[in-house]
Amino acid sequence: MISVAGLTGCSNPGDLTFQNETSSDVTVWTGEEELEVSAWGGVSVLGAGCSDGDVTVTFASGQTIVVAGPVCPDRAVVVYDGRVALERP
(Lines give C-alpha, C1' and ligand atoms only; values in the text may rest on other atoms or scores of the structure.)
Protein backbone atom coordinates (compact mmCIF):
# COMPACT_ATOMS: atom_id res chain seq x y z
CA MET A 1 0.00 0.00 0.00
CA ILE A 2 1.34 3.45 -0.92
CA SER A 3 -0.04 6.66 0.60
CA VAL A 4 0.92 10.25 -0.17
CA ALA A 5 0.93 13.23 2.20
CA GLY A 6 1.58 16.80 1.04
CA LEU A 7 3.49 19.84 2.24
CA THR A 8 3.95 23.28 0.73
CA GLY A 9 7.42 24.33 -0.49
CA CYS A 10 9.99 25.88 1.81
CA SER A 11 13.54 27.19 1.79
CA ASN A 12 14.63 27.32 5.45
CA PRO A 13 18.10 25.96 6.30
CA GLY A 14 18.36 23.66 9.29
CA ASP A 15 18.10 20.03 10.36
CA LEU A 16 15.73 17.43 8.91
CA THR A 17 14.18 15.46 11.77
CA PHE A 18 12.57 12.01 11.71
CA GLN A 19 10.86 10.55 14.77
CA ASN A 20 9.62 6.95 15.07
CA GLU A 21 6.76 6.43 17.53
CA THR A 22 6.34 2.72 16.75
CA SER A 23 7.67 -0.52 18.21
CA SER A 24 9.51 -1.45 14.96
CA ASP A 25 12.38 0.11 13.06
CA VAL A 26 11.51 2.04 9.87
CA THR A 27 13.55 3.05 6.83
CA VAL A 28 13.42 6.63 5.56
CA TRP A 29 14.62 7.65 2.08
CA THR A 30 15.19 11.41 1.78
CA GLY A 31 16.03 11.38 -1.90
CA GLU A 32 19.71 11.69 -1.02
CA GLU A 33 20.23 9.13 1.70
CA GLU A 34 18.64 6.14 3.38
CA LEU A 35 18.21 6.28 7.15
CA GLU A 36 17.27 3.58 9.62
CA VAL A 37 15.17 5.02 12.44
CA SER A 38 14.99 2.72 15.46
CA ALA A 39 11.77 1.88 17.27
CA TRP A 40 10.83 4.71 19.64
CA GLY A 41 13.82 6.68 18.33
CA GLY A 42 14.71 9.58 16.13
CA VAL A 43 17.29 10.84 13.66
CA SER A 44 18.26 14.36 12.61
CA VAL A 45 20.25 15.15 9.48
CA LEU A 46 22.22 18.17 10.63
CA GLY A 47 22.34 21.15 8.28
CA ALA A 48 20.42 19.30 5.56
CA GLY A 49 17.89 22.04 4.86
CA CYS A 50 14.91 20.88 2.79
CA SER A 51 14.80 17.48 1.14
CA ASP A 52 15.35 17.52 -2.62
CA GLY A 53 11.99 15.88 -3.19
CA ASP A 54 9.64 13.38 -1.64
CA VAL A 55 10.47 11.48 1.55
CA THR A 56 9.59 7.78 1.61
CA VAL A 57 8.95 5.86 4.84
CA THR A 58 8.99 2.05 4.74
CA PHE A 59 7.60 0.12 7.69
CA ALA A 60 8.84 -3.32 8.82
CA SER A 61 5.59 -4.74 7.37
CA GLY A 62 6.59 -3.47 3.92
CA GLN A 63 3.97 -0.70 3.88
CA THR A 64 5.34 2.42 2.18
CA ILE A 65 4.15 6.00 2.68
CA VAL A 66 5.40 8.82 0.48
CA VAL A 67 5.44 12.32 1.95
CA ALA A 68 5.30 14.81 -0.93
CA GLY A 69 8.32 17.04 -0.79
CA PRO A 70 10.18 19.03 -0.28
CA VAL A 71 10.12 18.40 3.46
CA CYS A 72 11.79 21.20 5.41
CA PRO A 73 13.22 21.71 8.91
CA ASP A 74 10.10 23.59 10.08
CA ARG A 75 8.35 20.19 10.23
CA ALA A 76 9.44 16.84 11.67
CA VAL A 77 8.43 13.63 9.94
CA VAL A 78 6.76 11.61 12.71
CA VAL A 79 6.00 7.94 12.10
CA TYR A 80 3.05 6.31 13.86
CA ASP A 81 1.54 2.84 13.38
CA GLY A 82 0.37 2.83 9.77
CA ARG A 83 0.67 6.57 9.17
CA VAL A 84 3.11 9.46 8.91
CA ALA A 85 2.52 13.03 10.07
CA LEU A 86 4.37 16.30 9.56
CA GLU A 87 4.56 18.11 12.90
CA ARG A 88 6.32 21.12 14.36
CA PRO A 89 9.52 19.93 16.06
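Does any residue of the stretch 19-26 turn out to be in a loop (DSSP other than H, G, I, E, B), in contact with a Leu (Cβ under 9 Å, 6 or more places away or on another chain) and open to solvent by less than 30 Å² (accessible area, probe 1.4 Å)? No, every residue in the stretch 19-26 fails to be in a loop (DSSP other than H, G, I, E, B), in contact with a Leu (Cβ under 9 Å, 6 or more places away or on another chain) and open to solvent by less than 30 Å² (accessible area, probe 1.4 Å). Identification of strands (runs of 3 or more DSSP E) wholly contained in the stretch 37-89 with 3 or more residues that are touching a Phe, Trp or Tyr at 6+ places or on another chain (Cβ under 7 Å) and either surrounded by fewer than 16 Cβ atoms within 10 Å (Cβ to Cβ) or free of Cβ contacts under 8 Å to residues at least 12 places away in the same chain (or both) yields no element.
The values are calculated or read from the model by the stated rules, or taken from the named source; none is laboratory data. This one's a predicted model, so the numbers in the text were calculated from it and none came from an experiment. Glycine also receives a Cβ, built like all others from the backbone with ideal geometry; neighbour counts cover every protein chain displayed. All accessible areas refer to the heavy atoms of the entire protein, side chains included, with ligands and DNA or RNA removed. Shrake-Rupley method; radii C 1.70, N 1.55, O 1.52, S 1.80 Å.
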